[in-house]
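Trainee: The structure under discussion is supplied below as structure tokens; questions concerning it will follow.
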Amino acid sequence: MRSDENIVKLDLFQPRVETYSELPLVEATVSAGFPSPADDYSEARLDLNKELISNESATFYARVRGDSMTLAGISDGDLLIIDRSKMPSEGSIVVCLVDGEFTVKRLEKQRGKFFLKPENPNYPPIEIQAKYDVTIWGVVTYSIKKH
């Protein structure tokens with residue numbers, strides 16, 4: 001069915017949302033093109049738990065190990081935020097258990113069949129078939145990169 005290289009290894013853990021940490025947020029826009037003159041700005045406070053987590057009891061983090069999702073912007077070492085309460089739909093990036101191993105893929109439907117599609121042409125899609133034990137575990141809501 002699949003090669004071990006197609007399975008992205010994930011280390012799962014729950015976020016600690018009981019800690020409250022507001023960090024400064026500069027409300028001026030940040031230009032990604034040519035720099036603009038400095039504007040007056042005001043600082044607000046931002047708590048990333050409130051910004052990134054909509055359902056605390058159903059949210060998990062996972063560290064990505066592998067490169068099968070690079071064209072979706074998910075790379076080795078990224079931190080995923082996964083919401084188990086979200087209903088997956090076609091095109092969602094999902095975390096699945098495939099024969100007892102976690103993987104992250106895009107859920108796609110083609111000609112009435114569902115596939116777990118990697119976002120790297122070096123890996124084949126996984127067709128969801130009755131003979132395989134496949135569980136959609138949660139929907140990826142954010143991917144956090146370390147630069």
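Trainee: Does D47 satisfy being among the charged types (D, E, K, R), open to solvent by less than 30 Å² (accessible area, probe 1.4 Å) and within 13 Å of the chain's Cα centre (by Cα)?
Mentor: Judged against the criteria, D47 is not a match.
Trainee: Got a number for residues in segment 130-147 being open to solvent by 60 Å² or more (accessible area, probe 1.4 Å), in contact (Cβ under 8 Å) with a residue 60 or more places away in the chain and not in a strand (DSSP E or B)?
Mentor: The total comes to 2.
Trainee: State the number of residues belonging to segment 82-113 that are of a type in the set (A, V, I, L, M, F, W, C), open to solvent by less than 70 Å² (accessible area, probe 1.4 Å) and over 11 Å from the mean Cα position of the chain (by Cα).
Mentor: Qualifying residue count, segment 82-113: 5.
Trainee: Which condition does K105 not pass, out of (1) in a loop (DSSP other than H, G, I, E, B); (2) basic (K, R); (3) in contact with a strand residue (DSSP E or B) (Cβ under 7 Å, 6 or more places away or on another chain), if it passes all the others?
Mentor: So the condition that K105 fails would be (1).
Trainee: For segment 54-104, how many residues meet the condition of being among the hydrophobic types (A, V, I, L, M, F, W, C) and touching an Asp or Glu at 6+ places or on another chain (Cβ under 8 Å)?
Mentor: Residues flagged as among the hydrophobic types (A, V, I, L, M, F, W, C) and touching an Asp or Glu at 6+ places or on another chain (Cβ under 8 Å) within segment 54-104 amount to 9.
Trainee: Among the listed residues A58, A72, A62, which satisfies the condition of being within 14 Å of G138 (Cβ to Cβ), of a type in the set (G, A, S), buried (at least 17 other Cβ atoms within 10 Å of the Cβ) and in contact (Cβ under 8 Å) with a residue 12 or more places away in the chain?
Mentor: Checking each option against the conditions leaves just A62.
The values are calculated or read from the model by the stated rules, or taken from the named source; none is laboratory data. What you see is a predicted model, and the numbers here were worked out from it, not measured in a lab. Note that we place each Cβ from the backbone using ideal geometry, even for glycine, and neighbour counts take in every protein chain shown. Surface areas here come from the heavy atoms of the whole protein model, side chains and all, with no ligands, DNA or RNA. Shrake-Rupley method; radii C 1.70, N 1.55, O 1.52, S 1.80 Å.
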